[in-house]
1. Among all residue pairs at least 6 apart or on different chains, which show Cβ distances below 7 Å where the first residue, located in the stretch 64-86, is more than 12 Å from residue 115 (Cα to Cα) and without any contact (Cβ under 8 Å) to a residue 40 or more places away in the chain and the second is within 11 Å of the ligand (Cβ to nearest atom) and part of a strand (DSSP E or B)?
2. Checking residue 145 against (1) more than 19 Å from residue 176 (Cβ to Cβ); (2) surrounded by fewer than 18 Cβ atoms within 10 Å (Cβ to Cβ); (3) touching a residue at least 12 places away in the same chain (Cβ under 8 Å), which single condition isn't satisfied?
3. Would you confirm whether any residue within the stretch 176-185 is surrounded by 21 or more Cβ atoms within 10 Å (Cβ to Cβ), away from the ligand (no atom under 16 Å from the Cβ), under 19 Å from the mean Cα position of the chain (by Cα) and closer than 30 Å to residue 56 by Cβ?
4. Checking the structure you have, find out if any residue of the stretch 117-125 is within 13 Å of the ligand (Cβ to nearest atom), surrounded by 16 or more Cβ atoms within 10 Å (Cβ to Cβ) and either under 30 Å from residue 209 (Cβ atoms) or at pLDDT below 95 (or both).
5. Give 42, 103 a once-over and let me know the one that is more than 16 Å from the ligand (Cβ to nearest atom) and over 27 Å from residue 198 (Cβ atoms).
6. Scan (1) crowded, with 17+ Cβ neighbours inside 10 Å; (2) farther than 20 Å from residue 270 by Cβ; (3) away from the ligand (no atom under 14 Å from the Cβ) for the single condition residue 52 breaks and write down its number.
7. Among the residues of the stretch 74-109, write down those that are modelled with pLDDT of 95 or more, surrounded by fewer than 23 Cβ atoms within 10 Å (Cβ to Cβ) and outside any strand (DSSP E or B).
Ligand code: FE
């Protein structure tokens, strides 16, 4: 049963620092993606490294999928709104991510995995977020969890919001995944026309919204569909307040910055160039195993 909760009331809320259009890119074996959080924003949105949005009912945009490829040094969080994708990895994990489900994978010291569609037609829509690991955890053992839609904690508020708590917590509801170090908050917020939602966030945490239905306003600034809004970090702000004039749906993502050097080479994210060279050597020598 979905809990009914009283909406938060914040006195001071964060504004929008800026709006970001994604970049259309091809990734995997030829999957069309809107890369919303690009490499140039990694420092500003530390600990988040990437957010990809995909959504198409043309099989040619997704059917090729993401055949075997490696990752090291961070976590990938896939959220499938509509569609079916199968994951297999070198740590022995396999799972099917379907409508409303989340897959949380900690690559740690390295996995080789594949992410392949299990549908030949129809809509596939979802997101993949990359969350950095603290230096001390980059070479940890790989970890994996499938979270079907019905296991994601959710609640509704008396202000017209329906909220799924993928990570962190909201209104006292603990999410499906908790992480020390980066303390991620990952919410999927559905707002009825005229509804609002407020979320408490520590001022030091970096935070952003991605609107994927409708249009919302944050402290008077409009955020249209398919845009990311980077939220400002004023020290006095208690959190963020989102209002929807029309039915809308928004991802709200926030985390504690690591403040560590970020070195990225494709699917490897470490702290130094030497660690990247080591990752390439280890992958080429087969030390990640095979999917
Ligand atoms: Fe991958």
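1. Final answer for the pair search is none.
2. (1)
3. Scanning the stretch 176-185, I find at least one residue that is surrounded by 21 or more Cβ atoms within 10 Å (Cβ to Cβ), away from the ligand (no atom under 16 Å from the Cβ), under 19 Å from the mean Cα position of the chain (by Cα) and closer than 30 Å to residue 56 by Cβ, so the answer is yes.
4. So far as the stretch 117-125 goes, no, none of its residues is within 13 Å of the ligand (Cβ to nearest atom), surrounded by 16 or more Cβ atoms within 10 Å (Cβ to Cβ) and either under 30 Å from residue 209 (Cβ atoms) or at pLDDT below 95 (or both).
5. Result: 42 is the single residue among 42, 103 that is more than 16 Å from the ligand (Cβ to nearest atom) and over 27 Å from residue 198 (Cβ atoms).
6. In the conditions (1) crowded, with 17+ Cβ neighbours inside 10 Å; (2) farther than 20 Å from residue 270 by Cβ; (3) away from the ligand (no atom under 14 Å from the Cβ), residue 52 misses (3) alone.
7. Hits for the stretch 74-109 are 83, 99, 100, 108, 109.
Yes/no matrix, rows are residues, columns are (1) buried (at least 19 other Cβ atoms within 10 Å of the Cβ); (2) within 24 Å of residue 192 (Cα to Cα); (3) more than 16 Å from the ligand (Cβ to nearest atom); (4) modelled with pLDDT of 95 or more:
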{"residue": "128", "(1), (2), (3), (4)": "yes, no, no, yes"}
{"residue": "131", "(1), (2), (3), (4)": "yes, no, no, yes"}
{"residue": "151", "(1), (2), (3), (4)": "no, yes, yes, yes"}
{"residue": "164", "(1), (2), (3), (4)": "yes, yes, yes, yes"}
{"residue": "174", "(1), (2), (3), (4)": "no, yes, yes, yes"}
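The values are calculated or read from the model by the stated rules, or taken from the named source; none is laboratory data. From a predicted model like this one, the values you see are computed outputs, not experimental measurements. Here Cβ is always computed from backbone atoms with ideal geometry, including for glycine, and neighbour counts include all displayed protein chains.
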